[in-house]
Amino acid sequence: MSIEKRLQELARLIGLTSYDIKTYIALVENGPLTARDVAIKASIPSSKVYSVLHKLYRLGYVEIDDKRRPELFYAVSPLDVFSRIMQRFTDYVNSTKPLIDSLQLIYESVYKGKVTAQSELLYVVRGLDSTKELIMKSMGYGNLDIATPYIELLDHRILSMVEEVSRNNEVRLLVSQEIIDYIKDLPPRIHIRIRDKLFGGGFVGIGGVVLVIKHGMDYISLYSRQDYITDIAKTYFNYLWNSSEVLQR
């Protein structure tokens, strides 16, 4: 198979056209050329040659000497082009990581019996609705520790689940003073304490750990199911819990 055909296979993967490949090969094989000469050597229409050359320039595959008249176009070293192509692949793969993490999170939630090892992910979301969805996933039906200065994280849906979990498990709820009126009517089986200074929120359940920070009007949350992160979160929660005030009901 010819070099051009092999390069055209690669071109399809990285969004280049046959004109792009022909132009680059012409510059590699013939050295610096004017746009007119590129069109002739690469056998592409003269009406297309400038758009192709400037596309390759933007991608870093071609250099331009615009001090010359007419301007000259140079091929960037094939090794340098290869490095740029690999970087584009790497950037694209990295950009898909949050999507893969999201799918893994859903998979581990649905296929509990099939997951033999926890994923090595630290899942990040922004926004109140996304944060509350993570909180619901983290709680599960086991012992639950919650610390929050944000009443928005204790809406009716979450509080209903907290009550349900507390029927058969220990639930500890640590809140700031401003939230007391919203949660004082929760069942006595839910242990509630007050602490004035809470830097952010945290939910530690059998489904994972969610750490929440409010940034302006937005929420930024971290989620993990890793045992060592869960242990750190529980240790810190116990520190806060032991130095807080019991709510008198």
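The values are calculated or read from the model by the stated rules, or taken from the named source; none is laboratory data. Since this is a predicted model, take the numbers as computed values, not measurements. Cβ sites come from the backbone with ideal geometry, for glycine too, and all protein chains shown count toward neighbours. The area values use the complete protein model at the heavy-atom level, side chains included, leaving out ligands, DNA and RNA. Shrake-Rupley method; radii C 1.70, N 1.55, O 1.52, S 1.80 Å.
Structure notes:
- Residues Ser51, Ser176, Ser244 ordered from highest to lowest accessible area at a 1.4 Å probe: Ser51, Ser244, Ser176.
- Of the GluC sites (Glu not before Pro) in the range 132-173, the ones in a loop by DSSP (not H, G, I, E or B) with at most 14 other beta carbons within 10 Å are Glu170.
- Comparing mean-square fluctuations of Lys67, Lys132, Lys55 from a GNM of the chain with C-alpha springs under 10 Å, the top value falls on Lys67.
- If R0 is taken as 45 Å, the Cβ-Cβ distance between Glu71 and Ile220 corresponds to a FRET efficiency of 0.40.
- Within the listed set Arg172, Arg88, Arg58, the residue fluctuating most in the Gaussian network model of the chain (springs between alpha-carbon atoms under 10 angstrom) is Arg58.
- Met86 - accessible surface, heavy atoms, 1.4 Å probe, Å² rounded to 10: 90 Å²
- Accessible area of the chain belonging to carbon and sulfur atoms, whole % at 1.4 Å probe: 54 percent
- Linear extension gain, Val110 paired with Tyr182, 0.36 nm per residue minus alpha-carbon span: 22.7 nm
- In sequence order, the range 137-146 has phi-based couplings of 5, 6, 5, x, 10, x, 4, 9, 10, 10 Hz under the Karplus curve 6.51 cos²θ - 1.76 cosθ + 1.60, θ = phi - 60°, and Gly or Pro positions carry x.
- Overall dimensions of the range 178-249 as given by Cα atoms, namely Rg and Dmax in Å: 13.5, 36
- A Cβ-based charge dipole, computed about the Cα centre of the range 154-249 with Lys and Arg at +1 and Asp and Glu at -1, lands at about 160 debye.
- GNM flexibility winner over the chain from Ile180, Ile25, Ile206 (Cα, springs under 10 Å): Ile25
- Nearest-ten-degree value, helix 18-30 long axis tilted from longest Cα axis of the chain: 60 degrees
- Backbone N within the range 66-95 under 16 Å of label point (7 Å from Arg58 Cα along the Cβ vector): none
- Remark: the range 192-199, residue by residue, has Karplus-estimated 3J(HN,Hα) of 10, 10, 10, 9, 5, 10, 10, 5 Hz, where x stands for each Gly or Pro and the curve is 6.51 cos²θ - 1.76 cosθ + 1.60 at θ = phi - 60°.
- Tail fraction, Cα-Cα pairs, the chain, threshold 29 Å, whole percent: 52 percent
- Cα-projected label distance for Tyr50 with Ile206, points at 7 Å along beta-carbon direction, nm: 6.9 nm
- Rounded, prolate or oblate (a/c below 1.5 giving rounded, otherwise prolate when a/b exceeds b/c) for the range 210-249 by Cα gyration tensor: oblate
- Applying the criteria of a DSSP loop state and at most 12 other Cβ atoms within 10 Å to the chymotrypsin sites (Phe, Trp or Tyr not before Pro) of the range 170-211 yields Phe199.
- Square roots of 5 times each gyration tensor eigenvalue, C-alpha, the range 44-92, largest first, Å: 23, 13, 8
- Relative contact order of the chain: 15 percent, from C-alpha pairs under 8 Å at least 6 residues apart in sequence.
- Full extension of the segment from Glu9 to Val246, taken as 0.36 nm per residue of separation minus the current Cα-Cα distance, would add 78.5 nm.
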